[in-house]
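Worksheet: one structure, shown below.
The values are calculated or read from the model by the stated rules, or taken from the named source; none is laboratory data. This is a predicted model, so every value here is computed, not measured. No Cβ is skipped: glycine too gets one built from the backbone with ideal geometry, and neighbour counts run over all protein chains shown.
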Amino acid sequence: MERIKIEKKLKKELDKERYTHTQGVMYTAAALAMAHQINQEQAMYAGLLHDCAKCIPNKKKLKLCEEYEIPIRPSERRCPFLLHAKLGAYVAEHKYEISDPMILHAIKVHTTGEPQMNTLDKIIYIADYIEPNRKNAPNLPEIRKIAFEDLDWTILQILGDTLAYLRAKGGELDPLTMQTFDYYREQQVTNRKAFRISGKTKHS
């Protein structure tokens with residue numbers, strides 16, 4: 001389905017605030033795609049559709065996931081708003097005629113993240129956090145800057161801030177989000193060790 005047609009349909013499906021956010025994510029994803037040299041069209045479609053199931057009531061999210069045989073983790077059953085990502089991937093494919101597996105996967109993991117995300121996954125995850133209409137997230141100016149320089153470091157910063165917020169609020173920590181944080185934290189440790197080893201070898 002053409003992007004302009006999807007935009008028209010989404011405008012009817014989403015509330016005004018969510019649609020504005022969606023537009024922000026789409027254009028931010030396009031900018032990040034240019035900066036990191038990946039397909040802009042994929043980024044725009046994934047950004048546009050990342051929240052296509054967000055405004056479905058939570059009870060209906062659960063019901064639809066069961067109906068469509070979408071696996072539901074215990075944390076998602078307790079916090080069904082998390083289901084909008086994987087349900088969104090299903091809706092994007094079957095309602096908005098998206099067949100590109102990379103777009104669908106980026107939609108699926110944009111809320112919790114997952115270890116070993118590809119570049120498009122990372123861009124949608126980050127764009128969702130830093131798009132211009134976001135105001136209240138901590139450290140936004142710094143994160144917006146580094147997003148155009150280092151995706152993995154940006155992911156780690158966002159995850160760290162998100163987990164700190166949830167702990168302070170007393171919210172549930174999704175196990176997949178924790179796994180993602182641990183993975184990217186270990187990646188940074190490994191990369192720094194490799195850099196030090198490389199530096200010693202270079203000057204020896």
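A compact table of results
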{"read-out": "Residues (under 22 Å from Leu49 (Cβ atoms) and either surrounded by fewer than 13 Cβ atoms within 10 Å (Cβ to Cβ) or of a type in the set (Ser, Thr, Tyr) (or both)) located in region 163-179", "value": "Thr177"}
{"read-out": "Counted residues, region 148-166 - those being in a helix (DSSP H, G or I), modelled with pLDDT of 90 or more and either touching a helix residue (DSSP H, G or I) at 6+ places or on another chain (Cβ under 9 Å) or more than 19 Å from His110 (Cα to Cα) (or both)", "value": "13"}
{"read-out": "Region 38-75 - residue that is basic (Lys, Arg) and crowded, with 19+ Cβ neighbours inside 10 Å and, of those, farthest from Ala92 (Cα to Cα)", "value": "Lys61"}
{"read-out": "Any hit, region 38-60, residues being modelled with pLDDT under 95, out of contact with any His (no Cβ under 6 Å at 6 or more places or on another chain), of a type in the set (A, V, I, L, M, F, W, C) and on the phi < 0 side of the Ramachandran plot", "value": "no"}
{"read-out": "Region 116-145: number of residues that are of a type in the set (A, V, I, L, M, F, W, C), outside any loop (DSSP other than H, G, I, E, B) and surrounded by fewer than 18 Cβ atoms within 10 Å (Cβ to Cβ)", "value": "1"}
{"read-out": "Any pair with Cβ under 7 angstrom, 6 or more apart, that starts in region 177-204 at a residue that is more than 11 Å from Leu156 (Cα to Cα) and ends at one that is surrounded by 10 or more Cβ atoms within 10 Å (Cβ to Cβ) and modelled with pLDDT under 70", "value": "none"}
{"read-out": "Count of region 68-110 residues which are part of a loop (DSSP other than H, G, I, E, B), of a type in the set (A, V, I, L, M, F, W, C), within 22 Å of Arg3 (Cβ to Cβ) and over 16 Å from the mean Cα position of the chain (by Cα)", "value": "1"}
{"read-out": "Filtered residue count, region 1-37, keeping only those that are β-branched (Val, Ile, Thr), over 20 Å from Glu93 (Cα atoms) and surrounded by fewer than 16 Cβ atoms within 10 Å (Cβ to Cβ)", "value": "1"}
{"read-out": "Test: Gly113 is under 19 Å from Glu76 (Cβ atoms), small (Gly, Ala, Ser), more than 17 Å from the chain's Cα centre (by Cα) and not in a helix (DSSP H, G or I)", "value": "no"}
